[in-house]
Amino acid sequence: MRKYNVKISAKANESLRKREAVVRKQRSILAIAVIFVVALGILLGSSMKTLASSEKDVSSYHKYYESIRVESGDTLWTIADEYIDGFNLSKTDYIAEVCQINQISEDEIHAGDYIVVPYYSQDVK
């Protein structure tokens, strides 16, 4: 513990002790806050890495095309859900590619139509 100056008043020494206690408390709070922020950063960083690694990397897969029959109730969005499931692909980009391949617009599919859709596989065919 700090030794206080005996040449100043007791009241001044008491004020210095109180100030020292406040500073100690502030440092403790700051240390806890820093530890919390670091722990939170580590937790978020590892969960983001886990999330990113759970999506399949398209570059390690082979791209193929398949002709499918449009069933009643199908939309390009539901078809995209089925064929890009688990891949890190944008549905909008996938649908744009399907429209380009088939030379259609997004609302031009009907039950019974056949369209070509891209899909990904690790198998070499």
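The values are calculated or read from the model by the stated rules, or taken from the named source; none is laboratory data. What you are looking at is a predicted structure, and each value in this text was computed from that prediction instead of being measured. Note that each Cβ is placed from the backbone with ideal geometry, even for glycine, and that neighbours are counted across all protein chains shown.
Only one residue in Ile95, Ile68 is assigned to a helix (DSSP H, G or I), modelled with pLDDT of 80 or more and either in contact with a Phe, Trp or Tyr (Cβ under 9 Å, 6 or more places away or on another chain) or surrounded by 13 or more Cβ atoms within 10 Å (Cβ to Cβ) (or both), so which one is that?
Ile95
Enumerate the pairs (first residue in region 53-72 and at positive phi; second residue anywhere and part of a strand (DSSP E or B) and at pLDDT below 85) with beta-carbon separation below 9 Å, excluding pairs fewer than 6 apart on the same chain, so at least 6 apart or on different chains.
From residues that are at positive phi, there are no pairs.
With surrounded by 12 or more Cβ atoms within 10 Å (Cβ to Cβ) and without any contact (Cβ under 8 Å) to a residue 40 or more places away in the chain as the only criterion, which of Ile79, Ile115 stands out?
Ile79
From the list Ile104, Ile115, Ile109, Ile79, pick out the single residue that is aliphatic (A, V, I, L, M), assigned to a helix (DSSP H, G or I), within 17 Å of Ile68 (Cβ to Cβ) and touching a helix residue (DSSP H, G or I) at 6+ places or on another chain (Cβ under 9 Å).
Result of the check over Ile104, Ile115, Ile109, Ile79: Ile79.
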